[in-house]
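Have a look at the structure below before the remarks.
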Amino acid sequence: MNTPAGQWLLREIIAKIQNKHYSRCDVAFDIYNDSEIQYYQVWRWGMTKKFFYGKNGEL
């Protein structure tokens, strides 16, 4: 079975941390070259969201 490099690296780092616990997990997706993506928004109460803009001022 072929494991992606990022998954392998994350497992290696986590394995070396002593006394670890998880309180949250943040997941981000970078989407490029899709002009319509700027109109999609997911909103949930109690959560914050942050927008990142490029040098040209676009999302």
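Only the coordinates and a few stated rules stand behind these numbers; no lab work does. Predicted, not measured: the structure shown is a model, and the values here were computed from it. As a convention, Cβ positions derive from the backbone with ideal geometry for all residues, glycine included, and neighbour counts pool all protein chains shown.
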Taking θ as phi - 60°, what are the ³J(HN,Hα) couplings along region 16-28 by the Karplus curve (6.51, -1.76, 1.60), each to the nearest whole Hz, with x for Gly and Pro? 8, 7, 8, 6, 8, 8, 10, 10, 6, 9, 9, 10, 10
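Region 10-59: which chymotrypsin sites (Phe, Trp or Tyr not before Pro) are DSSP loop and have at most 15 other beta-carbon atoms within 10 angstrom? Intermediate results must be reported in sequence, preceding the final value.
Values: sites: 22, 29, 32, 39, 40, 43, 45, 51, 52, 53; in loops: 22, 29, 32, 40, 43, 45, 51, 52, 53.
For chymotrypsin sites (Phe, Trp or Tyr not before Pro) across region 10-59 that sit outside H, G, I, E and B with at most 15 neighbouring Cβ atoms in 10 Å, the list reads 22, 29, 32, 40, 43, 45, 51, 52, 53.
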